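A quick write-up on the structure given underneath.
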Amino acid sequence: MSDGDTVRNPGPPDHGEADPLWARAGELFEEWRSGRAGRIDGLVRLVSPVLWHVVRAYGLGREEAEDVIQTTWLALVRSRDGIHDPRTVVAWLTTTARRESWRVVKADSRVDPVDDEVLERAGGSSPAAEATAEQHLDDARLWRAVDSLSERCRRLLRVIAFSARPDYVHLAAELQMPVGSIGPTRGRCLDKLRGLLDEKEVG
Amino acid sequence: MMPNPDDAQLFASLRTMWERHDPMPEHLVEDVLVALETRHLAEEYRELLLMSDARELTGARGEAPRILEFGIETVTLLLRIDSDGDRHRIDGWLAPPRTGRAALERDGEVVAEAEISPEGRFEFPDASAGSYRLVIRSVDDDGHSVTGEFIV
């Protein structure tokens, strides 16, 4: 993968380095690369949950999502020497995971990001999750509100929620919207979500 | 990228919600680690190079054990060869240690196999003189990696 270009120029400072997850991931990555083989375990445990949500945002089924995450980690092993700044390893991983997700979605002809099938594949929650949600009314309310959003909004918010610093250029291509509209769209999606939450509170 | 503190709070709630409703499968991390171990091991050992070949000067006699060291940046393999006439005992140490199997090959055929202990140790107690390759496989690994040839 040739993701080095995006990652090497991570954009505005910074946010990322101040994030404890990014800092810890950078340390583990550096130690692993300099020969402490066991450190990769810690890195995988730390970052995989984030990758899971980023990948699932693209509408992949659970098994597909697992495959994408495995592919992403194998790519890291292959590309370890190409990552110049260890602090960007989380960005590298999330970018790679998003591109691989997008590749799988496209290969599967699910090119339309608002495809109903996509909604169905990623939208369902497990019975266990429903039960848990009932015990957390705020959480359930938020879940229902998010469920009422457009697929595009849901995807955008989920990717942003789990990426400290998503690169908007590639995000724009994958979500089929102009780069300049990501910021405003994000704002509109948040407004819409707040509106839905207020509405449900009243109703 | 999230200048509004209310936005940050809302994103935090969203994260919690998604983590609860769609958690990562529990087995995923272990699956990834197995895949990495397999791949990583194969990549590391493919390049193992002979770094030194020396006699251990423990005694004045000619039968001092011979120490071969193979390595790259992240892995070292030591072989200690004790000879008694034309029988040879080979002890191996992998550092950092990892389990798997070691196979001794001669003319492309496996002549002996040994388990690698959790401490990274393995042994071939009785090898005859000749030219060998040592093949290290991690657990469940299809691929393998090979050290350079060495002569006993």
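Couple of notes before you dig in:
- Other protein chain C-beta atoms within 10 Å of residue C-beta, averaged over B:6-17: 5.
- Derived scalar couplings ³J(HN,Hα) [the range A:147-153; Karplus, 6.51 cos²θ - 1.76 cosθ + 1.60; whole Hz; x for Gly, Pro]: 5, 7, 6, 5, 4, 4, 5
- In sequence order, calculated HN-Hα J values of the range B:14-28 (Karplus, 6.51, -1.76, 1.60; Hz; x Gly/Pro): 4, 4, 4, 4, 5, 4, 7, 7, 9, x, 4, x, 4, 7, 4
- Take each residue in A:43-56, count the other chain C-beta atoms within 10 Å of its C-beta, and the mean is 4.
- With the simple model of a label 7 Å out from the Cα in the direction of the Cβ, A:Val77 to B:Val34 spans 1.4 nm.
- Within-13-Å neighbourhood charge of B:Gly130 [Cβ basis; K, R +1; D, E -1]: -3
- Area buried, chain A against chain B - accessible surface, total, 1.4 angstrom probe, square angstrom: 3900
- Shape call, the range A:19-109: gyration tensor on alpha carbons, a/c limit 1.5: prolate
- For the residues of B:30-37, the average number of beta carbons from a partner chain within 10 Å of their own beta carbon is 6.
- Computed from backbone phi, the HN-Hα couplings of the range A:172-183 come to 4, 4, 6, 8, 6, 9, x, 3, x, 8, 5, x Hz, rounded to whole numbers (Karplus: 6.51 cos²θ - 1.76 cosθ + 1.60, θ = phi - 60°; Gly and Pro given as x).
- Counted residue by residue at 0.36 nm each, then reduced by the alpha carbon distance between them, the extension gain from B:Leu49 to B:Arg121 reaches 24.0 nm.
- Residue ranges A:46-56, B:109-119 sort as A:46-56, B:109-119 when ordered by packing (mean number of other C-beta atoms within 10 Å per residue, highest first).
- Inter-label distance, A:Lys106 to B:Arg15: 3.0 nm, where each label sits 7 Å from its Cα along the C-beta direction.
- At an R0 of 45 angstrom, the distance between the Cβ atoms of A:Glu27 and B:Asp86 translates into a FRET efficiency of 0.30.
- Summing Lys and Arg as +1 and Asp and Glu as -1 over all other residues whose Cβ lies under 11 Å from the Cβ of A:Trp32 gives a net charge of 0.
The values are calculated or read from the model by the stated rules, or taken from the named source; none is laboratory data. It should be emphasised that the depicted structure is a prediction, and the values quoted were computed from it without experimental measurement. For neighbour counting, all protein chains shown are included, and Cβ atoms are generated from backbone atoms with ideal geometry for every residue, glycine included. Please note that ligands, DNA and RNA were not included when accessible areas were found on the heavy atoms of the full protein model with its side chains. Shrake-Rupley method; radii C 1.70, N 1.55, O 1.52, S 1.80 Å.
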